[in-house]
């Protein structure tokens, strides 16, 4: 009865202020509720719904759960105990898939919004804000002559940047298909990962540069002059997908960063890494610019080369370019993939190719598939190896 | 039949990739659809729903509309013709209030997410990205000795900042209750407004500084070390609400900005403005620091002084402080309010007070209430008056 009264009261308060746009109604329900044993309870007030399911990205039960209707029309479901990570989820209410209306925290992944929560005491402690010195996050624009456009880029600068007479190494970090310059920031939690690794002394203070890898778009959906008419889609639906243009124009980004930020403008102080399509980009950015980067990271790289014109100059003679890159020299060629990733076999084939060429690398194999959980966890392993 | 097949196909694609987290399913529905006459059509696939309503923040029909179920379970509703603005809306599906699952673009306003769209050919043209030189947006942290904490602040720097040997005036822009350092960025669209006004020559290139006005919180919800446990609420539910601490510590923010950015560190090159609670803050920041700001803007200011201890030193002797500020001198004291705002009478009372004191001001009265639409439109009027 009490909760019914609270709901009624909240509805009244909500409608009184509706015209005034004071959207301050806190939800009467707690959802998600992180339980002491690291299970999670979801709640939804949907008195007229017939069936409600939770659809999440955790491994247990394939992230699915059927909610049970309780009194007052509140549906509830509790997950099994979950390992530490950042998780995303949505509710399927009688076939309508939506974010959790009681959870104000969401992230966009390609074309959909997802509700989020963290399970701590593990890797997700690096994805959350701690009481440590914080770096800064900037979105700015550089001009590309080769792409004939101003292009948006996200840049992390470490704590105390600009406060001391100090220059920094730079990690260039590339997103996957359907992503953009915000993907590593919003879903990758790069600023928190860097702040926390640096605070623990596990990573060198560095600048992280996250460009937009969609050559026909200047910025993320909603941030170009097309505004909301450019809806997020997989990058392979956009013009210019994997034509080599981006990889060949990459030195423009490096030049912009070296001209604008307090960098150490040397190969020994530069790394490039990327996930999925960004791993493909990383491969061809590095081998086509063998004097730019000493550190390379390929995370679940999209290197099945399906539908790619491998005769295009940026992609042609990959074996020769890999051998040349090895001859010129690099410090780290780090490859990681999940053992259920749909790109797992392509990555294993690529390792054999490197073995045949006698091109050295480090390989990390994780469980699970083509997931942000893996890419964040790869960052925790890759970043501490840089610039040491 | 065709659309049923498409939906089935999309559901299949969606579930195949669910484990791999490739959330690339574009919606089969177009929603919202901006029509040529500037009406808007919403669509929702909800075959089992009994009643679906649109709840928006436009004025016509109080932003409400009842959707009509069509074939294939797709509900549809079209608004009247809407004037140019950024609008927010949600769907009420049988009592569950959610964002539009077909619209990837959302904004958080205090504790809720809202779907958004723009109606162009008017003020909203300033809220959208145009092909003009773009400034940069940064979130960084400063240390407050008086509040004994690192605190997060959003900073806009204009196009070509740092590229020329030039210093800039600074606008300090304060959020309302329930807001934070992201409110003016995300809902106020400050970066686009500034880029577009500067490109048209209507505004001087300037730096815009948006601090967090909640003294007991270091940053926005989700961005403090409480992480998601700090859920957004109205600021008056947080400790330290309107105790004068923030206003008295404000010079620390100015000192940080002058030490860190290419500013003109003079009163003639500083403005302070704020909405609602931020208008209250603006009043007491300016009169308590009469040598800091030459330009003051109060947007729908929360100056009913209800529940405030007006004997606290920052708030005491307001009349005397106003007269002194006038004696010392300022260039602009700009006050704006909507004629249906719940703070309208309080603002009219304040104007009478200024009249009695013979303290000069400019007043702009708009239609409508306590709305982001008004605050964005006030920016279009206020910013061109600065630093000229």
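The values are calculated or read from the model by the stated rules, or taken from the named source; none is laboratory data. These numbers come from a predicted model, not from an experiment. Because the Cβ atoms are built from the backbone with ideal geometry, glycine has one as well, and the counts that use them run over all protein chains shown.
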| Under the condition of being more than 7 Å from chain B (Cβ to nearest Cβ) and surrounded by 18 or more Cβ atoms within 10 Å (Cβ to Cβ), which residue from the stretch A:110-125 is farthest from the chain's Cα centre (by Cα)? | A:119
| Can you find a residue in the stretch A:317-328 that is in contact (Cβ under 8 Å) with a residue 60 or more places away in the chain and over 16 Å from residue A:277 (Cα atoms)? | no
| request: Take the stretch B:225-254 and flag every residue that is facing another protein chain (nearest Cβ under 9 Å) and touching a strand residue (DSSP E or B) at 6+ places or on another chain (Cβ under 8 Å). | output: B:227, B:228, B:232
| field | residue A:80 at the interface with another protein chain (Cβ under 7 Å from one of its Cβ atoms) and more than 17 Å from residue A:374 (Cβ to Cβ) | value | no
| query | Of the residues B:74, B:97, which is in contact with a strand residue (DSSP E or B) (Cβ under 7 Å, 6 or more places away or on another chain), facing another protein chain (nearest Cβ under 8 Å) and surrounded by fewer than 22 Cβ atoms within 10 Å (Cβ to Cβ)? | reply | B:97
| remark: Residue set B:31, B:14; condition at pLDDT below 95, out of contact with any helix residue (DSSP H, G or I) (no Cβ under 8 Å at 6 or more places or on another chain) and closer than 19 Å to residue A:231 by Cβ; output residue B:14
| residue A:130 vs. criteria outside the structural domain of residue A:372 (by TED's automatic domain parsing), closer than 30 Å to residue A:215 by Cα and modelled with pLDDT of 95 or more | no
| Among residues of the stretch B:190-219, those that are in contact with a strand residue (DSSP E or B) (Cβ under 7 Å, 6 or more places away or on another chain) and either within 13 Å of chain A (Cβ to nearest Cβ) or surrounded by 23 or more Cβ atoms within 10 Å (Cβ to Cβ) (or both), counted | 13
| said: Residues that are touching a strand residue (DSSP E or B) at 6+ places or on another chain (Cβ under 8 Å) and on the phi > 0 side of the Ramachandran plot: does the stretch A:148-168 have at least one? | reply: no
| Is there a residue in the stretch A:374-381 that is part of a strand (DSSP E or B) and over 20 Å from residue A:284 (Cβ atoms)? | no
| Checking residue B:388 against (1) within 21 Å of residue B:173 (Cβ to Cβ); (2) touching a strand residue (DSSP E or B) at 6+ places or on another chain (Cβ under 9 Å), which single condition isn't satisfied? | (2)
| query | Given (1) away from chain A (no Cβ under 14 Å); (2) farther than 30 Å from residue B:327 by Cα, where does residue B:370 come up short, assuming only one miss? | reply | (1)
| query | Out of (1) within 21 Å of the chain's Cα centre (by Cα); (2) under 24 Å from residue A:325 (Cα atoms); (3) free of Cβ contacts under 8 Å to residues at least 60 places away in the same chain, what's the single condition that is false for residue A:352? | reply | (1)
| said: So the check is Cβ under 6 Å with 6+ separation or different chains; which pairs have a first residue in the stretch A:60-76 that's touching a residue at least 12 places away in the same chain (Cβ under 8 Å) and not assigned by TED's automatic domain parsing to the domain that holds residue A:368 and a second one that's assigned to a helix (DSSP H, G or I) and surrounded by fewer than 16 Cβ atoms within 10 Å (Cβ to Cβ)? | reply: A:72/A:3; A:72/A:4
| task | From the list B:185, B:170, pick out the single residue that is more than 8 Å from chain A (Cβ to nearest Cβ) and under 17 Å from the mean Cα position of the chain (by Cα). | result | B:185
